Amino acid sequence: MPASHATPWAPDSWRAKPALQLPQYPDASALASAQNELRGLPPLVTSWEILTLKQQLAEAQEGKRFLLQGGDCAETFAECNSEIISNRLKVLLQMSLVLVHGLKLPVVRVGRFAGQYAKPRSADLETKGDVTLPSYRGDMVNGPEFTSEARIPDPRRMIKAHARSAMTMNFVRSLIDGGFADLHHPEYWGLGWVSQSPHAVEYQKMVASIGDAVRFMETLAGGQMHNLNRVDFYTSHEALLLPYEEAQTRQVPRQPGWFNLSTHFPWIGMRTAALDGAHTEYFRGIRNPIAVKVGPSVTPDQLLRLIDVLDPDNEPGRLGLIHRMGAEHIAAKLPALLDAVKREGRRVLWICDAMHGNTESTSNGYKTRRFANIRSEIEQAFDLHAAAGTKLGGVHLELTGENVTECLGGARDLTEIDLQRAYRTTVDPRLNYEQALEIAMLIVRKRGP
Ligand code: PEP
Ligand code: MN
């Protein structure tokens with residue numbers, strides 16, 4: 001029996017392990033009562049959906065599907081509104097259309113939303129002038145305002161995050177069930193910008209050619225194909241705030257084991273992926289498909305030991321490895337990891353996060369990322385996987401459907417001066433809708449059908 005089955009697990013067994021990046025709540029009984037309330041609330045997703053996604057991720061591991069995972073770095077309570085949610089859905093749908101068309105593969109769509117409210121931070125404290133306060137850790141934990149009151153961790157925020165996540169899910173599900181994602185009507189997901197975009201012609205051509213293909217298949221089938229009326233959408237977030245995740249970890253009738261019913265596909269962030277840490281302990285016991293961020297300091301040996309703990313049975317669809325090396329380091333760091341995982345016969349879904357290794361600060365004080373680096377990391381990732389005989393099965397991106405100016409470059413060649421115009425993120429810089437679509441197109445050009 002693999003060691004990790006022999007060690008007992010419970011939704012709260014993580015409490016005996018060192019836990020990084022968790023807030024210190026000032027009032028333990030308020031925390032316990034918020035957790036109790038959460039335990040009694042309905043779940044956000046079901047075990048059936050989770051197991052269906054696991055099956056699709058197993059197919060992605062074999063190269064039969066491609067994963068598109070994307071959304072905000074951090075959702076905020078204030079931006080839980082109709083326009084932001086539907087625009088983000090639109091850009092993800094447009095990207096997936098480009099990928100389906102160009103790769104000739106079904107795309108698994110996973111949002112970074114409906115729960116992406118807790119953030120790891122590189123520093124516990126933030127100083128402005130002569131005032132030092134605890135860092136903002138996401139709306140689920142504390143407030144972004146630079147006041148001592150806002151920065152106190154408040155467990156009631158977990159209840160609000162659960163409610164906001166439920167509202168987000170509800171709206172996304174209704175849009176999709178109501179035909180918003182119908183392949184017969186890609187115009188429903190047109191963002192106002194499409195006609196002015198540098199990519200407009202290429203995108204409209206794809207839409208027209210998909211329309212032709214749909215009509216052709218329906219002529220053959222002799223009627224409307226209803227599976228083209230809707231697409232599946234799954235959710236993911238960094239399951240960082242373990243008291244929240246623990247309270248959403250449930251058993252369901254007629255299924256063995258435990259599910260995290262707050263999201264379909266949670267991941268462990270780079271800063272909390274220690275082998276002996278609380279997050280690894282929590283994740284090993286849930287039946288969801290899970291992913292881990294893999295940064296440039298991880299050695300092949302460390303990675304293999306982590307895989308042993310998180311996926312002792314080498315189960316299809318169970319484990320995604322999201323590498324986030326940076327354009328500068330990927331060529332030096334990734335190949336040894338790919339070789340080790342391949343040599344040991346471990347079944348994983350390799351995913352490229354081309355955002356988090358490419359963060360820098362501008363001279364005018366903005367945290368940004370260069371489109372050219374994001375692009376280069378993705379292109380190098382495809383080449384490195386091809387050379388290693390492994391498959392890059394998906395991408396993980398921070399993006400928004402809004403016309404923000406947070407990342408430099410892209411077809412409009414945004415400059416440092418442009419960043420001042422619409423820099424809105426509370427944490428990391430996101431691709432705007434044009435830059436996001438451009439990434440989808442370059443994936444197609446690089447990987448091809
Ligand atoms: C993130 O995905 O927002 C994040 C913090 O990533 P990482 O854990 O890879 O640094
Ligand atoms: Mn981020």
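Derivation of every value follows stated rules applied to the coordinates shown; laboratory data play no part. Remember, predicted model here, so these are calculated numbers, not experimental data. Ideal geometry is used to build each Cβ from the backbone, glycine not excepted, and the neighbour counts take in all protein chains shown.
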Run the paramagnetic zone check for ALA386: 7 angstrom along Cα to Cβ, then residues of the range 98-118 with backbone nitrogen under 18 Å. 102-105
The chain - Kirkwood radius from inverse mean 1/r over Cα pairs (Å): 22.5
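Using Cα-Cα distances under 8 Å and only pairs 6 or more residues apart, what relative contact order does the chain have, in percent? Walk me through the numbers on the way to the answer.
Values: 822 pairs, mean separation 98.6, N = 449.
Computed value for the chain: 22 percent relative contact order.
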Summing +1 for each Lys or Arg and -1 for each Asp or Glu, what net charge is found among the other residues whose Cβ lies under 12 Å from the Cβ of LEU53? +2
Rounded to whole Hz, the Karplus (6.51, -1.76, 1.60) HN-Hα couplings of the range 362-372, x for glycine and proline: 8, 5, 8, x, 9, 7, 9, 9, 8, 3, 4
Top mean-square fluctuation among GLU62, GLU145, GLU281, Gaussian network model of the chain, C-alpha springs under 10 Å? GLU145
How long are the semi-axes of the equivalent ellipsoid of the range 353-420, defined as square roots of 5 times the Cα gyration tensor eigenvalues? Whole Å, largest first. 27, 12, 10
log₁₀ of I(q)/I(0) at q = 0.21 Å⁻¹ - the range 167-310, Debye sum with one point per alpha carbon: -1.17
Along each of its three principal axes, how wide is the spread of alpha-carbon positions in the range 98-171, in whole angstrom units, largest first? 56, 27, 14
In sequence order, what are the phi-derived ³J(HN,Hα) couplings for the range 264-275 according to the Karplus relation 6.51 cos²θ - 1.76 cosθ + 1.60 with θ = phi - 60°, rounded to whole Hz, with x for glycine and proline? 6, 9, x, 10, 9, x, 4, 6, 10, 9, 5, 4
What is the local net charge at LEU310, summed over the other residues whose Cβ is closer than 11 Å to its Cβ (Lys, Arg +1; Asp, Glu -1)? -1
Which residues qualify? For ILE268, with a placed amide H closer than 5 Å and at least 5 residues away or on another chain, they are ALA291, VAL292, LYS293
State the answer as a single residue: which of THR168, LEU303, THR390 lies farthest towards the positive end of the charge dipole of the chain, with beta carbon charges of +1 for Lys and Arg and -1 for Asp and Glu, about the Cα centre. THR390
Quick one: which of LYS54/LYS205; LYS293/LYS342; LYS54/LYS119; LYS90/LYS205; LYS17/LYS128; LYS119/LYS293 span more than 23 angstrom between C-alpha atoms? LYS54/LYS205; LYS54/LYS119; LYS17/LYS128
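Which value, in debye to the nearest 20, gives the size of the charge dipole of the chain about its Cα centre, when Lys and Arg are +1 and Asp and Glu are -1 at the Cβ?
Once rounded to the nearest 20, the dipole reads 720 debye.
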Take every Cα-Cα distance within the range 326-449, group them into 10 Å bins from 0 onward, and report for each bin the whole-number percent of pairs it holds. 13, 43, 29, 14, 2
Nearest 0.05, what FRET efficiency do ARG343 and HIS5 give at R0 = 25 Å with Cβ-Cβ as r? 0.60
If R0 = 60 Å, then SER122 and ASP212, at their Cβ-Cβ distance, give a FRET efficiency to the nearest 0.05 of 0.75
Where the centre of each part is set by its Cα atoms, how far does the range 394-445 sit from the range 79-125, in angstrom? 13
Project the alpha carbons of the range 43-160 onto their principal axes and report the range along each, largest first, in whole Å. 56, 29, 29
How do VAL427, VAL404 rank when sorted from fewest to most other Cβ atoms within 10 Å of their own Cβ? VAL427, VAL404
Springs between alpha-carbon pairs under 10 angstrom, Gaussian network model over the chain: which of GLU344, GLU202, GLU83 fluctuates most? GLU344
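With both bridge residues required to lie in the range 325-419, what share of the DSSP beta bridges run antiparallel, to the nearest 5%?
Percentage antiparallel, nearest 5: 45.
Quick one: length gained pulling ALA163 to ASP12 fully straight, 0.36 nm per residue minus the C-alpha distance?
52.1 nm
With a 10 Å Cβ neighbour count serving as the proxy for reagent exposure, in which order, fewest first, do HIS356, HIS264 appear? Working shown, then result.
Working: HIS356 21, HIS264 28.
In increasing order of surrounding Cβ atoms, one gets HIS356, HIS264.
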Could I have the simple spin-label model distance between HIS185 and LYS64, label points 7 Å from Cα toward Cβ, reported in nm to one decimal? 3.2
At the level of C-alpha centres, the distance separating the range 228-268 and the range 1-63, in angstrom, is 8
For LEU67, other-chain or 5+-apart residues with amide H closer than 5 Å (H placed, Pro excluded) are VAL108, GLY394, VAL395
Starting from the amide H of MET355, placed 1.01 Å from N in the peptide plane, find each other amide H under 5 Å away whose residue is 5 or more places distant or on another chain. none
Once all Cα-Cα distances of the range 230-354 are split into 10 Å bins that start at 0, what whole-number percent is in each one? 12, 44, 32, 10, 1
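Using a 10 Å cut-off around each Cβ, can you sort MET441, MET167 from fewest to most neighbouring Cβ atoms?
MET167, MET441
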